[in-house]
Amino acid sequence: MRTLNLGILAHVDAGKTTLTERILFTAGVIDHVGSVDEGTTQTDTLALERERGITIRSAVASFAIGDLAVNLIDTPGHPDFIAEVERVLRVLDGAILLVSAVEGVQAQTPLLMRALQRLRVPTLIFVNKIDRSGADDRQTVEAIARRLTPAILPMGSAHGLGTRYADFTPAGRNKAGFRTALTELLAETDEAILAAYVSGQGGSLPYRRLRRLLANQTRRGLVHPIFLGSAITGAGVAELLIGVAELLPAAVGDPQGALSARVFKIERTVLGERVAYVRVFSGTIRTRDRVRYDRGAESRVTALSVFTPQGAVQRPSASAGDIAKVSGLATIQVGDAVGDLPAADGEHQFAAPTLESVVAPRHTADRERLRAALAELAEQDPLINVRQDNARGEIWVSLYGEVQKQVIGSTLAREHAVEVDFLETTTIHVERPSGTGEALEVLRAATHSNVTGKSSPHSTNPFPATLGLRVEPALVGSGIELRLHVDIRLVPLYIYKTAKTFVEEMSKHVREALQEGLFGWEVTDAKVTIIECGYRAPGTRAGDFHKLTSLVVMQALERAGTVVCEPMVSIRIDLPADAVRRVLVLLARLGARPQTPIANGGLSEIEAVLPAKLIDDLRRALPEVTGGEGVLESRLRGYEPVTGVRPTRRRTRPNPLNREEYLMLLAGR
Ligand SMILES: Nc1nc2c(ncn2[C@@H]2O[C@H](COP(=O)(O)OP(=O)(O)OP(=O)(O)O)[C@@H](O)[C@H]2O)c(=O)[nH]1
Ligand SMILES: [Mg+2]
């Protein structure tokens, strides 16, 4: 049996969970359709999801279409849970992107589409809610063409829109308009079709060949067939499923090959045991196998269940294409690669959280339990980036927004019995080097050993190693890169074996030290070069290079100087033309940089850039100046230097720039 791992993605409330439920019903997996509003669906199973009527965690449900087994992954649409979508994106063979026929393309929709396109995930579009009043198929399809991709093809037509009789009729070979649209779309990317089309022979191309080519190009992520329907009434859903089977690719991968798999979700059982949701790309994973995963870890699989239309069923093994729940991998984390898969490249499809907050237990006696509970939440969602300020006894977490904060609060209370308060939520800034700086710590001269590199009798360097680093600005978005610029003979190969391992280890130390820059913010977009190196063999140990790195890199950074940057958002406001002036005045007052408004009939569109911290002010002020008609969309654009006072963040660890104190603390440990 072939398998397809299929994600459902959309802006919040577009109907993903409802469609999942309807698909399971249509495919015969359930004989009663649950409802989001009543909290009875197959995939919104957390108590919090059921109460709030929103999806928080991704969930898997399986069904079969003929000989095709489909694992459906329902994802959250709320922007606070975008990290969950990111993890799912890496394990998909195909996707359905939902767009509501009433609300149209919404803020998250283009973001999701771009991510799907970047990762070349073959994607069908489903225009949902055609039964709801206000549904408009023409406008929705036009918005998709304009804002998502022009490479689309409606696979039929909707009628009875806005009523519960709304339905979808698929187009076939005899529908002249469809055939022409299909030929034109394929001609965009297929030479032979293009040639036939321009010579006027397009009409004589066999229909079956066109359909085959359509499937081909959809599987390559080049075109996006559109289906229309209603998850509530079921209209168009059977046709969508036929489309899934015809147009999306099944998983490829050799069950006999080397094991490679990825974890996209982690759960804990009631007994506290970690369960990893694993997508197998190649090979087979078996109970009692020892498997390797990231951070050099290896554990034995103690139990395993595979997703099937009957639910997750206990099995001795899972093979290429399967999604399995795997127990026994004690230190596994979400996102980990298992077996031969290269570790995640660290490249993110969506922006990281821009807020952070102190979490405090309501009862001081709960402090330890809170730490443990947050560590558990972090293994499911590392982006919350739990940081501890030991000196002050504070714990910080990074957040996307208010809803995520509430969800973390409720989860801690319910699942861990810890009541917490979130104190002062603030914007996360970053620091970038503003110039170039170098620093050097030289190994103290010793008489009887074998010394490479520089040494000096006057050095106050407490560690038996020499290290010189240069810090300089790098391209925006490039992160931190470490290079080696010394003679290979100066590299302590007796500790690190190869220069590559040395650079990898030093890279970790540099990143760790740059977690807190001159103003306390994480340093990014920096190029760091090792310009001096030396050791005393034997005697110098890996730990010496580790400790020395913080000292040297911070000195170099101090000489380079840094700029503090804040998150900026790009916004787009759709508004009545007569409100344009008032909105421009409002934007100017907020210090936004607007572009020239674009008029479009009686409507206008303004795009602008402004600091993320002002988006709530804008959202609050907009209804008044647009008579309630303004529609605001925003997305994180990147970080830009702050103007005025540079905000600082309290350090949570000793500052290597206070040399005495830093060394005393190290010695004390
Ligand atoms: N009329 C109508 N309502 C729908 C349809 N699909 C979903 N809804 C309603 O829209 C609301 C949101 O549906 P969900 O299925 O929870 O949407 P979702 O995309 O899963 O939402 P999140 O997971 O929170 O992002 C619910 O009240 C559904 O009943 C539809 O086709 N027609
Ligand atoms: Mg949902």
Out of (1) of a type in the set (G, A, S); (2) away from ligand 2 (no atom under 16 Å from the Cβ); (3) touching a strand residue (DSSP E or B) at 6+ places or on another chain (Cβ under 9 Å), the one G66 does not meet is (3)
The lone condition Y496 fails out of (1) touching a Phe, Trp or Tyr at 6+ places or on another chain (Cβ under 6 Å); (2) touching a residue at least 60 places away in the same chain (Cβ under 8 Å) is (2)
ask   = Within the stretch 399-412, can one find any residue that is over 22 Å from the mean Cα position of the chain (by Cα), surrounded by 17 or more Cβ atoms within 10 Å (Cβ to Cβ) and farther than 30 Å from I82 by Cβ?
value = no
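Inside the stretch 613-669, can you point out the residues that are in a loop (DSSP other than H, G, I, E, B), on the phi > 0 side of the Ramachandran plot and within 35 Å of the chain's Cα centre (by Cα)? Talk me through it step by step, then tell me what you get.
Kept after step one, since they are in a loop (DSSP other than H, G, I, E, B), are these residues of the stretch 613-669: 626-630, 642-658, 669.
Filter once more, so that each one left must be on the phi > 0 side of the Ramachandran plot: 627-628, 644.
G628, G644 - these are the residues of the stretch 613-669 that are in a loop (DSSP other than H, G, I, E, B), on the phi > 0 side of the Ramachandran plot and within 35 Å of the chain's Cα centre (by Cα).
Against the condition more than 14 Å from ligand 2 (Cβ to nearest atom), at pLDDT below 95, touching a helix residue (DSSP H, G or I) at 6+ places or on another chain (Cβ under 6 Å) and open to solvent by less than 20 Å² (accessible area, probe 1.4 Å), how does V127 come out, does it pass?
Details: more than 14 Å from ligand 2 (Cβ to nearest atom): yes; at pLDDT below 95: no; touching a helix residue (DSSP H, G or I) at 6+ places or on another chain (Cβ under 6 Å): yes; open to solvent by less than 20 Å² (accessible area, probe 1.4 Å): yes.
When the stated conditions are applied, V127 does not pass them.
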In the set E532, E504, E472, E512, the lone residue that is in contact with a Leu (Cβ under 6 Å, 6 or more places away or on another chain), charged (D, E, K, R) and either open to solvent by 20 Å² or more (accessible area, probe 1.4 Å) or at pLDDT below 95 (or both) is E532
G104 vs (1) more than 11 Å from ligand 2 (Cβ to nearest atom); (2) surrounded by fewer than 23 Cβ atoms within 10 Å (Cβ to Cβ); (3) over 25 Å from D131 (Cα atoms): all pass except (3)
Log entry, pairs with first residue in the stretch 220-237 being closer than 20 Å to A143 by Cα and touching a residue at least 40 places away in the same chain (Cβ under 8 Å), second being within 12 Å of ligand 1 (Cβ to nearest atom) and open to solvent by 20 Å² or more (accessible area, probe 1.4 Å), beta carbons closer than 7 Å, six or more apart or on different chains, reads S230/K129; S230/D131
Among (1) open to solvent by 30 Å² or more (accessible area, probe 1.4 Å); (2) touching a helix residue (DSSP H, G or I) at 6+ places or on another chain (Cβ under 7 Å); (3) at pLDDT below 90, A343 falls short only on (2)
Going by the conditions given, is E51 more than 10 Å from ligand 1 (Cβ to nearest atom), acidic (D, E) and over 19 Å from N5 (Cβ atoms)?
-> yes
The condition of being open to solvent by less than 10 Å² (accessible area, probe 1.4 Å) and either within 16 Å of ligand 2 (Cβ to nearest atom) or in contact with a strand residue (DSSP E or B) (Cβ under 7 Å, 6 or more places away or on another chain) (or both) holds, among V12, V85, only for V85
Those residues of the stretch 1-37 that are assigned to a loop (DSSP other than H, G, I, E, B), more than 10 Å from ligand 1 (Cβ to nearest atom) and within 23 Å of I266 (Cα to Cα) come to a total of 0
Over the stretch 367-394, the set of residues acidic (D, E), open to solvent by 20 Å² or more (accessible area, probe 1.4 Å) and either assigned to a helix (DSSP H, G or I) or on the phi > 0 side of the Ramachandran plot (or both) is E368, E376
All-but-one check, V313 against (1) open to solvent by 30 Å² or more (accessible area, probe 1.4 Å); (2) at pLDDT below 95, failing number (2)
Q) Is there a residue being of a type in the set (V, I, T), in contact (Cβ under 8 Å) with a residue 40 or more places away in the chain and farther than 30 Å from R620 by Cβ anywhere in the stretch 504-523? A) yes
Counted residues in the stretch 595-623 being surrounded by 12 or more Cβ atoms within 10 Å (Cβ to Cβ), of a type in the set (D, E, K, R) and over 20 Å from F350 (Cα atoms) come to 4
Selection from the stretch 88-111 of residues at pLDDT 95 or above and under 14 Å from the mean Cα position of the chain (by Cα) yields V88, L89, V91, L92
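Condition test on R432, is it charged (D, E, K, R), part of a loop (DSSP other than H, G, I, E, B) and more than 17 Å from Q380 (Cβ to Cβ)?
Numbers: charged (D, E, K, R): yes; part of a loop (DSSP other than H, G, I, E, B): no; more than 17 Å from Q380 (Cβ to Cβ): yes.
Against the criterion (charged (D, E, K, R), part of a loop (DSSP other than H, G, I, E, B) and more than 17 Å from Q380 (Cβ to Cβ)), R432 does not qualify.
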Exercise for review: Scan the stretch 192-212 and give yes if some residue there is open to solvent by less than 70 Å² (accessible area, probe 1.4 Å), closer than 19 Å to L240 by Cα and among the small types (G, A, S), otherwise no.
Suggested key: no
Kindly indicate whether any position in the stretch 38-50 is free of Cβ contacts under 8 Å to residues at least 60 places away in the same chain, over 17 Å from A312 (Cα atoms), part of a loop (DSSP other than H, G, I, E, B) and near ligand 2 (Cβ under 10 Å from one of its atoms). no
inquiry  = Whether any residue in the stretch 579-589 is at pLDDT 90 or above and in a strand (DSSP E or B) is what I want to check.
reply    = no
When restricted to A513, A499, the only residue within 26 Å of the chain's Cα centre (by Cα) and of a type in the set (G, A, S) is A513
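So that you can scan it fast, the table gives a plain yes or no per residue for (1) among the polar types (S, T, N, Q); (2) touching a helix residue (DSSP H, G or I) at 6+ places or on another chain (Cβ under 8 Å):
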site	(1), (2)
A592	no, yes
A599	no, yes
A612	no, no
D616	no, no
E624	no, no
S634	yes, yes
Reported set for the stretch 72-126 where residues are closer than 17 Å to D44 by Cα and hydroxyl-bearing (S, T, Y) is T75
Across the stretch 488-530, the tally of residues that are aromatic (F, W, Y) and under 16 Å from T549 (Cα atoms) stands at 2
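The values are calculated or read from the model by the stated rules, or taken from the named source; none is laboratory data. Keep in mind it's a predicted model, so treat the numbers as computed, not measured. Don't worry about glycine lacking a Cβ; one is built from the backbone with ideal geometry, like all the others, and counts go over all protein chains shown. Ligands, DNA and RNA are excluded from the accessible area calculation, which covers all protein heavy atoms including side chains. Shrake-Rupley method; radii C 1.70, N 1.55, O 1.52, S 1.80 Å.
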